[in-house]
Each structure stands twice: as structure tokens, then as C-alpha cells.
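> Here it is, the structure in full.
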Amino acid sequence: MAKQRGGGAGRQQPPAPAASGTSPELVKKYAWPEKPAIIGTSVKRLDGPDKVTGRAKYTFDINRPGMIYGRVIRSPHPHARIVAIDLSDAQKAPGVRAALEHKPAGGQVMYQGDAVAAVAADTEDRAMYTMSSPSRVATEKLSRSTADIRSRIGCAAVDSELEAE
């Protein structure tokens, strides 16, 4: 039967004796306490009752005067070229403070979810509504052939050897 590790609910064991070459002063200074003050005792969580009853305030719950909300348009494609970005309607919309291109037209997105454009508005609903139209950003899917990807990572030499056999 294998020896059980971890000690369970019992007291923790002190570390092994100090190795040779360690000064006795250091051994005494960093010795394991006779009665551990924290280990094995329960600690009362001061924020527990507030969290359980719903009274705790989180960052999402706080609204400050003059606060603005942002939303980001992200690429739905893993690899694409940005053909056009039209933020003129977003910039003119009521309550919108700013509309910015993160990547310019002609640029590439390299992964699905890559940021393309962003908007900041007075309310969260206005920010979401302004960015909801999918026609604001036009992308062109780019595909890579398997041979192109393999050559980039160094597999082309292996493929040519397999084809020769």
C-alpha cells in the first residue's frame, strides 16, 4: 500500500532539519513555530455576507457622472483583408463621443476576434446600436493553401522527400 501524502486535516509537519553549512542563527530565526498562529485556523471573510446577500458593489455596478461606454467591432474571420470601414454614420449619431479605426482599410486581420474599429458613446445601448450594423466594415476572406502554411513552418522539405519515394 502506498504511503498517503498531504497529511489531511492534521497539523502540518515542520520542514526537514537544516543542511550542513547553514548557520545556527538562521536556523533559529526561521524555525517552524511551536504553535502555528494561522495554519489550521478558520479566517472570517469580511466581504462574505455582502457578496451572498447581493449588497456588494462590483465595478459593473458603479456609474459615475460623465461615464462613457465603449464597444469594439471585431473580425468574424480568422484571416481577412479589410476592404472598407465606414464610421461616418457612427460619428454623426447622437450620444457618440468618438468612433475610431483600429486597423486601416487595406490592413489585415490575423485572427478571429481581431479588433477592427471602436466606438465610445454616452450610454451602453447607444454604443451597441451604433456598432450593430455589419455593413460598416467590409472584409475579404483570405485563405492560405496547406502547402504555403507548411513551407512557412519548414515542412516543405519533408513533403518533397515523401513525394520522391
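Each value in this text was obtained by applying a stated rule to the coordinates, not by laboratory testing. This is a predicted model, so every value here is computed, not measured. Every residue, glycine as well, gets a Cβ built from its backbone with ideal geometry; the counts of neighbours run over all protein chains shown.
> Can you work out the Karplus-derived ³J(HN,Hα) for every residue in region 60-72? Use 6.51 cos²θ - 1.76 cosθ + 1.60 with θ = phi - 60°, whole Hz, and x for glycine or proline.
5, 7, 8, 10, 9, x, x, 5, 10, 10, x, 9, 10
> Setting aside same-chain residues fewer than 8 positions from LYS103, which lysines have a Cα under 30 Å from its Cα?
LYS92, LYS141
> How long are the semi-axes of the equivalent ellipsoid of region 69-141, defined as square roots of 5 times the Cα gyration tensor eigenvalues? Whole Å, largest first. Intermediate values should be presented prior to the final figure.
Numbers: eigenvalues 95, 26, 16 Å².
Ellipsoid semi-axes (Å, largest first): 22, 11, 9.
> Would you mind calculating the relative contact order of region 69-141 from Cα pairs under 8 angstrom and at least 6 residues apart, reporting the percent as a whole number?
On the way: 159 pairs, mean separation 34.3, N = 73.
Result for region 69-141 is 47 percent.
> To continue, here is another question. Once label points are set 7 Å from the Cα along Cα→Cβ at both LYS141 and ARG64, what is their separation, rounded to one decimal in nm?
4.3 nm
> Moving to a separate point now. Report the label-to-label distance for HIS79 and ASP125 in nanometres (one decimal), using points 7 Å from each Cα along the Cα→Cβ vector.
4.3 nm
> Order these peptides, 42-55, 66-79, by their mean beta-carbon neighbour count within 10 angstrom, highest first.
Ranking the peptides 42-55, 66-79 by packing returns 66-79, 42-55.
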